[in-house]
Structures are given as C-alpha cells and as structure tokens.
Amino acid sequence: MERIAEVNRRLALTDLLTGLPNRRHLELYLDRLLADGGGHPFSLAVFDVDDFKGFNHRRGYAEGDRVLAAVGTVVSRACGYSHFAARLGGDEFVVVFTGEQPGRARGAADRMARSVARYTSLSSRGITVSFGLAAMDAGMRRWQDLLAAADRDLRRRRSAARPLPADLGFR
C-alpha cells in the first residue's frame, strides 16, 4: 500500500509532459527554501518559449507538446543536480539557482537559453526562449514576490529586445 501512496505522490508533483517537477512541487520547494532561511543567496529564472502561441497555431498542439518536452529536457540537463527546474505551466519553466549570486545565476540562465536555441530538435523548428531573473532580497517576504519580480524582468527584457516597427508613420 505504501508503494501506491508513493507513486501517487510522485504523480501529483510531476508534470507528465516534461517529467519535470510541476508548479505544486515548485511551490513546496520554495516554501521549504524560505523556511530554512539559511541565508544562502538564491535567484529564480522564468523561461518562456518565444511565440509559442503562434507556433501552436501554425504547427498544431501535438507539435507544441513535443517542443515543450524538448525544452524540459534541455533545461533539466542544463541544471544537472545543482539547481531546481520545474514547469510552471503552459510554456513557462522556472529554474531556482541556490547558492548563486545574481550575476552567476544570470550567466547560467543565459547559457540555458542558448542551449535551447542550439538543441537540434528545437533549432530546426526555430524555437528560442526568453528569460527573466530575480534574486531573493531582504524586501521580499514570499516566494511569490520573487516570481513576480522575475516575470517583470522577463517582460522588460522582451520589450527592450523587440525592434520598433519599420514604418512609424512619420515622414
């Protein structure tokens, strides 16, 4: 009977498509990390598949599922055992960098994004990811604050990278 309970627990905390921990598992992990309060620095990166909605409309949801599974594989491999990766939901993934200063975490997140772009089954489909990063600081009381800060950074970085339209109507 205990084996069934363990299987059910694992299924409840795992995203079936990617095999990564799911959002609930991420929340438990962050709750525990904050409760331990060991004073260790940690940062959180939110990765988002670029134009995933458009990709799904052009190529279909089955192809989109294959992309999400491949992104999960790349992120998981890039994390190894030193960081915690999870699927937040939809086309969003989260990586928690424990014991890393923000600069090193940003470098690691950037390497992960480049790994996604170079992964053959993703690069052949033109798949890239963007990310936002935030470090836990004294002003943050809850992990939700950290997640919101990383999401704001993602939106800021995307808008900074987005080129202006060629014709703005000025002559």
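Which ones in region 1-15 are over 13 Å from A86 (Cβ atoms) and either within 16 Å of the chain's Cα centre (by Cα) or part of a loop (DSSP other than H, G, I, E, B) (or both)? Steps first, please.
Taking region 1-15 and keeping what is over 13 Å from A86 (Cβ atoms), we get 1-12.
Correct list: M1 only.
Tell me, please, whether a residue that is open to solvent by less than 40 Å² (accessible area, probe 1.4 Å), hydrophobic (A, V, I, L, M, F, W, C), part of a helix (DSSP H, G or I) and in contact with a strand residue (DSSP E or B) (Cβ under 9 Å, 6 or more places away or on another chain) can be found in region 84-103.
So the first thing to find is which residues in region 84-103 are open to solvent by less than 40 Å² (accessible area, probe 1.4 Å), and the list is 84-89, 91, 93-97, 100.
Subset that is hydrophobic (A, V, I, L, M, F, W, C): 84-86, 88, 93-97.
After this cut, where a residue has to be part of a helix (DSSP H, G or I) as well, the list is none.
No: region 84-103 contains no residue that is open to solvent by less than 40 Å² (accessible area, probe 1.4 Å), hydrophobic (A, V, I, L, M, F, W, C), part of a helix (DSSP H, G or I) and in contact with a strand residue (DSSP E or B) (Cβ under 9 Å, 6 or more places away or on another chain).
If we keep just the residues of region 25-61 that are on the phi > 0 side of the Ramachandran plot and not acidic (D, E), which is surrounded by the most Cβ atoms within 10 Å (Cβ to Cβ)?
Here is the first cut: in region 25-61, the residues on the phi > 0 side of the Ramachandran plot are 37, 39, 51, 60.
Narrowing further to those that are not acidic (D, E): 37, 39, 60.
Working: G37: 7, G39: 5, G60: 11.
Here the answer is G60.
Between a residue in region 1-17 that is closer than 23 Å to D65 by Cα and any residue that is of a type in the set (V, I, T), which pairs come within a Cβ distance under 6 Å, given they are 6 or more apart or on different chains?
none
Select from region 3-29 the residues that are among the hydrophobic types (A, V, I, L, M, F, W, C) and out of contact with any Gly (no Cβ under 7 Å at 6 or more places or on another chain) and list them in ascending order. I'd like the intermediate steps shown before the answer.
So the first thing to find is which residues in region 3-29 are among the hydrophobic types (A, V, I, L, M, F, W, C), and the list is 4-5, 7, 11-13, 16-17, 20, 26, 28.
Hits for region 3-29 are I4, A5, V7, L11, A12, L13, L16, L17, L26, L28.
List pairs: first residue in region 29-57 and at pLDDT below 95 and assigned to a loop (DSSP other than H, G, I, E, B), second residue of a type in the set (A, V, I, L, M, F, W, C) and open to solvent by less than 40 Å² (accessible area, probe 1.4 Å) anywhere in the structure, Cβ distance under 7 angstrom, at least six positions apart or on different chains.
P41/A135
Filter region 142-157 down to the residues that are of a type in the set (A, V, I, L, M, F, W, C) and at pLDDT 95 or above and list them by number. Spell out how you get there, then give the answer.
Of all residues in region 142-157, those of a type in the set (A, V, I, L, M, F, W, C) come to 143, 146-150, 154.
Residues satisfying the conditions are L147, A148, A149, A150, L154.
The values are calculated or read from the model by the stated rules, or taken from the named source; none is laboratory data. All values derive from a computational prediction rather than experimental measurement. Methodologically, a virtual Cβ is constructed for each residue, glycine included, from the backbone with ideal geometry; neighbour enumeration extends over all protein chains shown. The protein model used for the area step is the full one, side chains on, heavy atoms only, and it has no ligands, DNA or RNA in it. Shrake-Rupley method; radii C 1.70, N 1.55, O 1.52, S 1.80 Å.
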